[in-house]
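The values are calculated or read from the model by the stated rules, or taken from the named source; none is laboratory data. Only a predicted model underlies this, so the values are computations on that prediction, with no experimental measurement involved. Here the Cβ positions follow ideal geometry from the backbone for every residue, glycine too, while neighbour counts run over all protein chains shown.
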Amino acid sequence: MKTREARHVAILAAALFAAAGCARVSEPQTEIVPEPGATFDLAAAEVVDLSHAYGDDTLYWPTSPSKFELEVLSHGVTEGGFFYSANSISTPEHGGTHLDAPIHFAEGRWTAEQIPLDRLIGPAVVIDISAQAAADPDYRLGGEDLFDWEVEHGLVPEGSIVLLRTGWSQRWPDALAYLGDDTPGDASNLHFPAYGEEATRTLVEQRRVAVLGVDTASIDHGPSTDFIVHQVANGANVAGLEMIGAGRVQGEQQERPRPLGGVTCRFRLGGAAAEREGRDHGAQHGTEHPAAHRQRRRHC
Ligand SMILES: [Zn+2]
C-alpha cells in the first residue's frame, strides 16, 4: 500500500535556467525512488509544478544587471497559411525558479550540463521550517531541526533532493517581502531563511544528498556574507534549487503548499547504509540515531 506522501511527485520547473551559462529543461523530481533502472509509475502519482512562472515580475538576485526579457519574434498565421509562434528570451542566471550548478561556488565542479541526470531525479525530502521562519526571517535550518525531522520521518536517503519549505514562496513576487530589501543593486541588507552550516554538512557529507532546494532566493540565508552553504554544497558537487514555488497541481489556479514530505519505507536504505548512517549519527549524538533504528526495524 502506497502512502499518501509517496504518491506525490514534484515537477520542479517546466524550464529551469541553470547557473552555468546554459538553459536546460528540468527532469521530474520525485520521491518515488525504486531500484536504479526501474521506472516511475506516474499514473499513480500526483504531479506538482514547483516553479514560479517567468515574466515581468520575476525576482532576481539584487545585483543582477537585468531581468527577464521576452521578445515575440512571431505569433500568428504565416503567408504559408499555418500558425507559427517563436520568442527570444534573455535572463540572468539567478532569478526565478532556477538551478545553481555546482560551479557557482566551486571552481572545477560541475556545470549544468555536466550534472548526471540521475542526480536530478530523486526522492523529494521536504523539511518544513515555516513556523521558525515566521518568528525569525533570518532563520537557518539547524542540526537539531534535521535530527528531529529524521526521528519522525527516517534518515534522509542518499541521492535525495531536499526541499526546504520556509513559507516564503507565498511572498512571491513582492521583492521587499521576499528578499527583505528591494534596493536595486544592493544585496547587503537581505533577510530570508535558508539552510544552516551544520545541517548542510550533515546532508551533504553524511547523507550524500544530490540537491539542496529552498523556496527563498538562496540556499544561504539573507544576511550571509560567506555563503558557506553554497561553498559546502557546491564544493561537493551538490546543486542548489532556489526560488521554488509552493506547488501547483495541474488545473489548479492557486499555488498552495503540497504535502510532499515523508521519507518512509519507500526507500531501500539497504542494511549496510542504514547501519552506517546510524553509526555516523550515533557517534555525533553519543547514541544511535532513533531514525536509523526505526529504519532497520521496519526493514525499509
Ligand atoms: Zn542561484
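Residues checked against (1) within 18 Å of the chain's Cα centre (by Cα); (2) among the aliphatic types (A, V, I, L, M):
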| site | (1), (2) |
| --- | --- |
| Val47 | yes, yes |
| Ser51 | yes, no |
| Asp56 | no, no |
| Gly76 | no, no |
| Pro92 | no, no |
| Gly95 | yes, no |
| Asp100 | yes, no |
| Gly108 | no, no |
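Against the condition away from the ligand (no atom under 16 Å from the Cβ) and either modelled with pLDDT under 50 or under 18 Å from Glu242 (Cβ atoms) (or both), how does Pro28 come out, does it pass?
Numbers: away from the ligand (no atom under 16 Å from the Cβ): yes; either modelled with pLDDT under 50 or under 18 Å from Glu242 (Cβ atoms) (or both): yes.
Yes: the conditions hold for Pro28.
Can you give me the number of residues within the range 145-163 that are of a type in the set (A, V, I, L, M, F, W, C) and either in a loop (DSSP other than H, G, I, E, B) or touching a Leu at 6+ places or on another chain (Cβ under 6 Å) (or both)? Spell out how you get there, then give the answer.
The initial filter retains those residues of the range 145-163 that are of a type in the set (A, V, I, L, M, F, W, C), namely 146-147, 149, 151, 155-156, 161-163.
Those still in the list that are either in a loop (DSSP other than H, G, I, E, B) or touching a Leu at 6+ places or on another chain (Cβ under 6 Å) (or both) too: 155-156, 162.
Within the range 145-163, residues that are of a type in the set (A, V, I, L, M, F, W, C) and either in a loop (DSSP other than H, G, I, E, B) or touching a Leu at 6+ places or on another chain (Cβ under 6 Å) (or both) number 3.
Condition first: modelled with pLDDT under 95, part of a loop (DSSP other than H, G, I, E, B) and not hydrophobic (A, V, I, L, M, F, W, C). Can you find one or more residues in the range 175-184 that meet it? Reasoning before the result, please.
At the first step, the residues of the range 175-184 found to be modelled with pLDDT under 95 are 184.
Then drop every residue that is not part of a loop (DSSP other than H, G, I, E, B), which leaves 184.
Of the ones still in play, those that are also not hydrophobic (A, V, I, L, M, F, W, C) are 184.
Yes.
For residues in the range 197-218 being among the aliphatic types (A, V, I, L, M) and outside any loop (DSSP other than H, G, I, E, B), which is farthest from Ile161 (Cα to Cα)? Outline the logic, then answer.
Filtering the range 197-218 down to residues among the aliphatic types (A, V, I, L, M) leaves 199, 203-204, 209-212, 214, 217.
Add one more test, that the residue is outside any loop (DSSP other than H, G, I, E, B), and what stays is 199, 203-204, 211-212, 214.
On the way: Ala199: 14, Leu203: 10, Val204: 11, Val211: 5, Leu212: 6, Val214: 10 Å.
Only one residue fits best here, namely Ala199.
Looking at (1) in contact with a Gly (Cβ under 8 Å, 6 or more places away or on another chain); (2) buried (at least 18 other Cβ atoms within 10 Å of the Cβ); (3) over 18 Å from Pro102 (Cα atoms), which is the one condition that is false for Arg119?
It is condition (3) that Arg119 fails.
Is there a residue in the range 121-134 that is part of a strand (DSSP E or B), in contact (Cβ under 8 Å) with a residue 12 or more places away in the chain and under 20 Å from Ser224 (Cα atoms)? If you could, list the steps in order and put the result at the bottom.
If we filter the range 121-134 for residues that are part of a strand (DSSP E or B), which is where we start, we get 124-128.
From what is left, the residues that are in contact (Cβ under 8 Å) with a residue 12 or more places away in the chain are 124-128.
So of that shortlist, the ones also under 20 Å from Ser224 (Cα atoms) come out as none.
Scanning the range 121-134 turns up no residue that is part of a strand (DSSP E or B), in contact (Cβ under 8 Å) with a residue 12 or more places away in the chain and under 20 Å from Ser224 (Cα atoms).
Taking the range 37-56 only, how many residues are in a loop (DSSP other than H, G, I, E, B) and out of contact with any helix residue (DSSP H, G or I) (no Cβ under 9 Å at 6 or more places or on another chain)? Outline the logic, then answer.
Keep residues of the range 37-56 that are in a loop (DSSP other than H, G, I, E, B), which gives 37-41, 45, 50-56.
From the residues that got through so far, the ones that are out of contact with any helix residue (DSSP H, G or I) (no Cβ under 9 Å at 6 or more places or on another chain) too are 37-41, 51, 53-56.
Residues flagged as in a loop (DSSP other than H, G, I, E, B) and out of contact with any helix residue (DSSP H, G or I) (no Cβ under 9 Å at 6 or more places or on another chain) within the range 37-56 amount to 10.
Looking for whichever is under 20 Å from Tyr178 (Cβ atoms), more than 16 Å from the chain's Cα centre (by Cα) and either modelled with pLDDT of 55 or more or within 16 Å of the ligand (Cβ to nearest atom) (or both) here; the options are Thr216, Thr225. Which one fits? Please lay out each step first, then the result.
Numbers: Thr216 fails: more than 16 Å from the chain's Cα centre (by Cα).
Matching residue, one of Thr216, Thr225: Thr225.
Looking at the range 203-221, which of its residues are of a type outside the set (Lys, Arg) and surrounded by fewer than 21 Cβ atoms within 10 Å (Cβ to Cβ)?
Initial filter on the range 203-221 (of a type outside the set (Lys, Arg)): 203-206, 209-221.
Glu205, Gln206 - these are the residues of the range 203-221 that are of a type outside the set (Lys, Arg) and surrounded by fewer than 21 Cβ atoms within 10 Å (Cβ to Cβ).
Please go through the range 228-245 and give me each residue that is in a loop (DSSP other than H, G, I, E, B) and within 14 Å of the ligand (Cβ to nearest atom), ordered by number.
Taking the range 228-245 first, the residues in a loop (DSSP other than H, G, I, E, B) are 236-238, 243-245.
Once the filter is applied, which keeps residues that are in a loop (DSSP other than H, G, I, E, B) and within 14 Å of the ligand (Cβ to nearest atom), the range 228-245 yields Val238, Met243, Ile244.
Starting from residues that are within 16 Å of the ligand (Cβ to nearest atom) and either free of Cβ contacts under 8 Å to residues at least 12 places away in the same chain or part of a helix (DSSP H, G or I) (or both), keep the ones in the range 59-118 and report whichever is farthest from Thr183 (Cα to Cα). Full working, then the answer.
Residues of the range 59-118 within 16 Å of the ligand (Cβ to nearest atom): 59-68, 91-106, 109-112, 115.
After this cut, where a residue has to be either free of Cβ contacts under 8 Å to residues at least 12 places away in the same chain or part of a helix (DSSP H, G or I) (or both) as well, the list is 102-104, 112.
Details: Pro102: 28, Ile103: 27, His104: 24, Ala112: 30 Å.
Only one residue tops the list, namely Ala112.
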